[in-house]
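Report on the structure given below.
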Ligand SMILES: Cc1cc2nc3c(=O)[nH]c(=O)nc-3n(C[C@H](O)[C@H](O)[C@H](O)COP(=O)(O)O)c2cc1C
Ligand code: SF4
């Protein structure tokens, strides 16, 4: 598993681990603290690599196996880094009957990804989710926080170009 | 700490401020306050369609026109009419504007808010007519509804406890603490006939009584806001639109069973709901409506939020409690039920969001009032998330026993694009469907069970003739198979095997014994799984087999998908008589399967065709058909 913070001495200076220390300290004495700590940690690191999991295990005095068991059980926790733009296609019932399955197929084809994968340039991740609750706009997909609704199949290439363009403009 | 008298003073003051939103308000009668309120829906549905931009634009316009001291912008929870978002309502007129874009804001501000002229272009018209309706109470979608659980959604600003108090908020808690014993309270709830809205329909009063009777110095009250059904969003709307009603109800429950601590377990996918709840809990604490010695009665109660992390099975009560404890959310056998041994092995009362939302209304208006709504065994109202192939998509609340026909045609406005109604699916992945010939079914717990479906949390997905029922069954089984926690083999392996058979059938490789195999597997999974997920997972298959067996048979025997959904079974062809030879289809075909000479009929090579349907969408002459 890759991680930017190779050794424990460097962790002390890594502001992210300092933040994690604060989180662990705050929750340590609460019953059932593991899941809230994992949520916060994923907020800080973007994902939960082994390094972070074992750091949390030590901090909360839990076996690493238990931490890993919880991380792997819940689908919102991820152990691999995610792309800058996460395309999340709603596969809830309302969107499904309005054709979100075909939107997903198109995205898979256009991005060359399967669900859960990230493009090599780290730009896009493809995910499916269950009901974002915007059924009135079905079919919908979200890109990070932004909801795109009332989609048609041929909106897919347009959306991807939109975010590519955004990226190019941002990097200039 | 606030006293009951102070609460009354606050209520009267806040009520005067928002009386402008009530029926029969005399324009200009209350000059101390704003002359107009503009309610903007800030629920998830509308914010997804730019309602926040609309709100910001409105505020800027009011300042520009220098009427920001006269007109107030109020953010509310969901109005329920989600397919028309963003929605705003202007009071005192009660004018309902829909499908507003940020560009429309200037016109509304200048014409309506400044000059008082209604902008009729942005009004709603009933499906199939072009008559504009301006007063939102006379819109069909609303006037068949009865709002109990959603009473405050879209009416108050959920981030202001004063507005909740103006609608008698926290008076049920005060009444219970000052006037009722625990036993009287539980009796009242039993008398109301309220049944759990989280799926099973267990009588709430009975559950409270169990938790009350179990001895223990530490007990917990838990709210299930995990809302896992992938087509339901009523719990989210209540939490977004009226979070204080849940806080108040949980405090009432705390008093009933003798608990001082509650937990709300909510899915992390609902950030707006979580945020509003956090604000509401903070405000309730500030006013002393949560915390120590509430209303000076010596009763203590506080609440914490716990976030889920994307596991459907955590909606199951024992799994949910295990998850709050910080573990993998796997169910455990019952008994012991949570009321006896729940969170951290202490007696725990667990109810659903909508169940709680009914409680303050029952306390204030009385059990008899509540029991007068609904059917003999299903009292009160039910909220449904109406979606799928229906004109009016949104959140509705109707008395139990309302016929499906009323929901689909009167409230839902019928099926779009002139298509035929085929079935309604209720109960999500645990439920089943109601076919068109049973459209006069009165919806309550027992009628749905009798049809082989269930109430579930209240997702109601409408399907038309272009939906394939085998495909729908496969969709739900994919869901349950993926969400099975894997603890017990019948569910873990059985759902996988059933899914494989369904995939085989939809790909045109079905064999005649598939149906009987599905039925045998379904029986085994139902009868031997540990938790409700496995026990109900086969329902969508059994129910579609019951009502749409002929579709399964067409897939298996004739290798044909009557609804034209299952790709592998489709065949695209060009009707020579209709084809003008324009060559558009050949140009869009991604695999070059269409060939021909311009101005002569084109043909599709079915060997190369990947059945994407792109040609059919592009043909202007309707010359391409699939069958
Ligand atoms: C797999 C599964 C998922 C469930 N999901 C939910 C849910 O999302 N929300 C809910 O309130 N109840 C859900 N339930 C039902 C709960 O176990 C429990 O019965 C309910 O929350 C009790 O509250 P009530 O009596 O107020 O309905 C689920 C049950 C099962 C078996
Ligand atoms: S029935 Fe399914 S979800 Fe429930 S405990 Fe068994 S494997 Fe887990």
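Just so you know, all these numbers are worked out from the coordinates, no wet-lab data involved. All figures in this text were calculated on a predicted structure; none of them were measured in a lab. Using ideal geometry, Cβ is built from the backbone for each residue, glycine included, and neighbour counts are taken over all protein chains shown.
Placing R0 at 51 angstrom, the Cβ-Cβ distance between residue A:167 and residue B:605 gives a FRET efficiency of 0.80 after rounding to 0.05. Based on the reciprocal of the average 1/r between different C-alpha atoms, the Kirkwood radius for the protein assembly as shown equals 28.2 Å. Computed log10 I(q)/I(0) for region B:381-464 at 0.17 Å⁻¹: -0.56, from the Debye equation with unit scatterers placed on every C-alpha and solvent omitted.
For region B:34-139, the relative contact order is 29 percent, taking Cα pairs closer than 8 Å that sit 6 or more residues apart in sequence and dividing their mean separation by the residue count. Placing one equal scatterer on every Cα of region A:85-170 and applying the Debye formula, the log10 ratio I(q)/I(0) at q = 0.15 Å⁻¹ is -0.48. A crude spin-label estimate for the pair residue B:93 and residue B:580, with each label 7 Å from Cα along the Cβ direction, gives 4.5 nm.
Overall form of region B:422-483: oblate. Here a/c, set by the Cα gyration tensor axes a ≥ b ≥ c, is 1.5 or more, and a/b is not larger than b/c.
If you count the DSSP beta bridges with both ends in the protein assembly as shown, what percent of them are antiparallel, to the nearest 5? Bridges in the protein assembly as shown that DSSP calls antiparallel: roughly 55 percent. Once a ≥ b ≥ c are taken as the square roots of the eigenvalues of the Cα gyration tensor of region B:218-276, is the result rounded (a/c under 1.5), prolate (a/b larger than b/c) or oblate (a/b not larger than b/c)? In terms of gyration-tensor shape, prolate. Just to verify a number: FRET efficiency for residue A:54 and residue B:438, C-beta to C-beta distance, R0 = 56 Å, to 0.05? Once the sixth-power term is evaluated, E becomes 0.50. The length gained by stretching the chain between residue B:325 and residue B:53 to full extension, at 0.36 nm per residue less their Cα-Cα distance, is 93.9 nm.
Full extension of the segment from residue B:285 to residue B:117, taken as 0.36 nm per residue of separation minus the current Cα-Cα distance, would add 56.1 nm. With one equal scatterer per alpha carbon and no solvent term, the Debye-computed log10 I(q)/I(0) for region A:7-73 at 0.29 1/Å reads -1.55.
Mind running the shape call on region B:462-519? Use the C-alpha gyration tensor, a ≥ b ≥ c as the square roots of the eigenvalues: rounded below 1.5 for a/c, prolate if a/b tops b/c, oblate otherwise. Oblate shape, in that a/c is at least 1.5 and b/c is the bigger or equal ratio. The Cα trace of region B:42-97 gives Rg and Dmax of 11.6, 33 Å, the first to one decimal, the second as a whole number.
Scaled to the globular estimate 2.2 N^0.38 Å, the Cα spread of region B:252-363, given as radius of gyration, is 1.12.
Placing a label point 7 Å from the Cα of residue B:571 along the Cα-to-Cβ direction, the residues of region B:587-615 with a backbone N closer than 16 Å are B:603-611. The calculated FRET efficiency for residue A:155 paired with residue B:365, based on their beta-carbon distance and R0 = 51 Å, is about 0.60. Axis angle, to the nearest 10 degrees, between helix A:64-73 and the longest C-alpha principal axis of chain A: 20 degrees. Taking a quarter of the surface of the Cα convex hull of region B:34-139 gives a mean projected area of 6.0 nm². Dividing the C-alpha radius of gyration of chain B by 2.2 N^0.38 Å, with N its residue count, gives 1.06. I want to make sure I understand the PRE zone here: with the label point 7 angstrom from the Cα of residue B:8 toward its beta carbon, which residues in region B:294-310 have backbone N atoms less than 17 Å away? Inside the label zone: B:295-297.
Here the contact order of chain B, divided by its residue count and restricted to Cα pairs under 8 Å and six or more residues apart, works out to 11 percent. As a length-normalised measure over Cα pairs under 8 Å and 6 or more apart, the relative contact order of region B:381-464 settles at 37 percent. Computed over region B:178-325, the range of Cα coordinates on each principal axis works out to 41, 34, 28 Å, biggest value leading.
Taking only the alpha carbons of region B:571-626, we obtain Rg and Dmax values of 9.6, 25 Å in that order.
Estimated translational diffusion coefficient (Stokes-Einstein, Kirkwood radius over Cα pairs, 37 °C, 0.692 mPa s) of region B:426-579: 204 µm² per second. Kirkwood radius for chain A, taken over all pairs of different Cα atoms as the inverse mean of 1/r, rounds to 17.9 Å.
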